[in-house]
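Please read the structure below before turning to the comments.
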Amino acid sequence: MMDFWISFANFFASAIRLTAPIALGALACTISERAGVINIGIEGSMLFSGFLAAVGAYYTGSPWVGLLCGCAAGAFLALILGVLAIYCNGQQIVIGIGLNLFGPGFAYMLMRALWDTTGISPWVEGFQAVNIPLLSRIPIAGTMLSGYPACIYLGLLAVVVMQYLLHRTAWGLRIRAVGENPAAVATLGINVYRLRMRAVLLGGVFAGMGGVVMCLSSANVFVNDMSAGSGFMAFAANQFGQWSPVGGYLATLLFGVMQALRMRLQSIGIATQLTQMLPYLAALIGIKLTGMRMRTPAANGTPYPHTLSAPCLRRKSAGKSQSKGSKA
């Protein structure tokens, strides 16, 4: 019986490690979409951030510098999304697809320039396991709750903090309101563009942190396409979790369990082609089960305002009117 519980504890710990980057990606989607901006570019953000995290850790020898570099990379791609989607009324899905292509491609080019390799980076210094005092000495609970890298604990803390901020603070109320009715928020004198941009940038930081966890928590190397669809699973988990930080984490925990199960099944000889379908199958089933009661934020994906009065379009429209006046 004890062998069963030890095996279960190891399985649970593996699921938590696999869940961490997906959970941070889902948190990024939650914050952005609560503010009304669809961020489907999580996959590209995680890959680009993981690469810059490896660069920072490689040249400084510090995973904490890698964490800062990865978060900055995520914020940079989120800035591109925010400018094009919020200030220029761009089509948000198309922009996200572009980021999914740009992030890995740019990382591929920089890896070739820095390390003369296109597949895998050199070994870098990663985060060490943190053993919680007293708890780590308990046989089963210690394996399940202690011994994770510091960045995974930071990710769990981020989920709890954002759950509180979104639902218990004035800032969270504004974020949720701007995703439901931005016109009503604007009548209170609040800058809708600025509020949405800050939410998108914060989401980009968390997406970058997900890339850092993916790269520096266990593998300690960056590999092309190492996310293996984690960004898309994060996007699905956000909807499965009903646009809630804690709900998204619980959904990603299901995906982490399926990924851990996939690894166990492969180890006993089950065909890889079959086991690789398990996480995606769980995502599809989860979305199907929650689809009937899913309530998307009302203004999610809708530019504000609906007319050509966003700042960059307003300037373009003004330029056209002036040119017509001069011709007349």
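Between T118 and L265, the contour length at 0.36 nm per residue exceeds the Cα-Cα span by 49.9 nm. Extending 7 Å from the Cα toward the beta-carbon at both M109 and W171 defines two label points whose distance is 3.5 nm. Once all protein chains are placed together, W5 keeps about 110 Å² accessible to a 1.4 angstrom probe. Please list the helices of the chain that count as membrane-span-like by this rule: a mean Kyte-Doolittle hydropathy of at least -1.0 together with Cα atoms stretching 30 Å or more along the helix axis, each helix being a complete DSSP H run. Result, helices passing both filters: 2-34, 92-115, 192-216, 245-267.
Solvent-accessible area of region 79-144 (1.4 angstrom probe, protein heavy atoms only): carbon and sulfur portion equals 70 percent. Answer rounded, prolate or oblate for region 191-243, using the Cα gyration tensor with square roots of eigenvalues a ≥ b ≥ c: rounded when a/c is under 1.5, else prolate when a/b is larger than b/c, else oblate. It is oblate, given that a/c is not under 1.5 and a/b is not larger than b/c.
Quick check for you: with a 1.4 Å probe and neighbouring chains kept, what is the accessible area per residue of the chain, in Å²? Write down the numbers at each step before the final one.
Details: 15470 Å² over 328 residues.
That works out to 47 Å² for each residue.
The protection proxy used here, the mean number of other Cβ atoms lying within 10 Å of each residue, ranks peptides 105-113, 191-199 as follows, highest first: 191-199, 105-113.
Residue order by solvent-accessible surface for R168, R34, R176 is R168, R176, R34, largest first, with ligands and nucleic acids left out and a 1.4 Å probe.
Sort largest first and round to whole Å: the equivalent ellipsoid semi-axes of region 109-239, each the square root of five times a Cα gyration tensor eigenvalue. Write down the numbers at each step before the final one.
Numbers: eigenvalues 235, 119, 27 Å².
In descending order, the three semi-axes are 34, 24, 12 Å.
Which of rounded, prolate, oblate describes region 1-115, given a ≥ b ≥ c as roots of the alpha-carbon gyration tensor eigenvalues and a/c under 1.5 marking rounded, otherwise prolate only if a/b is larger than b/c?
Numbers: a/c = 2.60, a/b = 1.42, b/c = 1.83.
It comes out oblate by the Cα gyration axes.
Note on the chain: GNM, Cα springs under 10 Å; of L201, L99, L135, the largest mean-square fluctuation is that of L135. Rounded, prolate or oblate: which one fits region 1-63, using the alpha carbon gyration tensor with axes a ≥ b ≥ c (rounded when a/c is under 1.5, else prolate when a/b beats b/c, else oblate)? Note, shape of region 1-63 comes out oblate. A convex hull fitted around the alpha carbon atoms of the chain yields 173 Å³ per residue.
The values are calculated or read from the model by the stated rules, or taken from the named source; none is laboratory data. These numbers come from a predicted model, not from an experiment. For neighbour counting, all protein chains shown are included, and Cβ atoms are generated from backbone atoms with ideal geometry for every residue, glycine included. Calculation scope for accessible area: heavy atoms of the full protein, side chains included, ligands and nucleic acids excluded. Shrake-Rupley method; radii C 1.70, N 1.55, O 1.52, S 1.80 Å.
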